[in-house]
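Please read the structure below before turning to the comments.
Bear in mind that the values in this text are calculations on the coordinates, not laboratory data. Model, not experiment: these values are computed from the prediction. All Cβ positions, even for glycine, are placed from backbone atoms using ideal geometry, and neighbour counts span all protein chains on display.
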Amino acid sequence: MNKAELVETVAEEADISKAAASRALDAILGAMTKALQQGDQVSLVGFGTFAVKERSARKGRNPRTGEEISIAAAKVPGFKPGKALKDAVN
């Protein structure tokens, strides 16, 4: 499912226009992004938790040449699914 399909589904389920559903989805994603940028986590009960994780620096290899390279430390977004989501998928 891509963003357009999600907007269409939300519009149908909530009985609102696609434009309103698109604005709502953009607002939700923007708020989540802002919270993660500030180092907060976003918990949606029953769905899961989004959080920023620290990835330490490490050594890697260039797959073409086999040359060893260093990969810098980074912050990456992570997601831990909630029990209800896990149960729904299984």
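Would you mind stating whether LYS18 is surrounded by 13 or more Cβ atoms within 10 Å (Cβ to Cβ) and out of contact with any strand residue (DSSP E or B) (no Cβ under 8 Å at 6 or more places or on another chain)? Yes, satisfied. Restricting the range 39-57 to residues that are more than 15 Å from the chain's Cα centre (by Cα) and surrounded by 10 or more Cβ atoms within 10 Å (Cβ to Cβ), the residue that is nearest to VAL10 (Cα to Cα) is GLY46.
Among the residues of the range 1-37, the ones that are outside any helix (DSSP H, G or I) and under 15 Å from the mean Cα position of the chain (by Cα) come to 2 in all.
Checking each residue in the range 70-90 for being among the hydrophobic types (A, V, I, L, M, F, W, C) and either assigned to a loop (DSSP other than H, G, I, E, B) or surrounded by 10 or more Cβ atoms within 10 Å (Cβ to Cβ) (or both) picks out ILE71, ALA72, ALA73, ALA74, PHE79, ALA84, LEU85, ALA88. Each residue in the range 46-71 was checked for being in contact (Cβ under 8 Å) with a residue 12 or more places away in the chain, more than 18 Å from ALA35 (Cβ to Cβ) and in contact with a Lys or Arg (Cβ under 9 Å, 6 or more places away or on another chain), and 4 of them qualify.
Just one of the listed residues (LEU25, LEU6, LEU36) is surrounded by 13 or more Cβ atoms within 10 Å (Cβ to Cβ) and touching a strand residue (DSSP E or B) at 6+ places or on another chain (Cβ under 7 Å), namely LEU36. Of the residues GLY46, GLY82, GLY66, the single one that is on the phi > 0 side of the Ramachandran plot and out of contact with any helix residue (DSSP H, G or I) (no Cβ under 6 Å at 6 or more places or on another chain) is GLY66.
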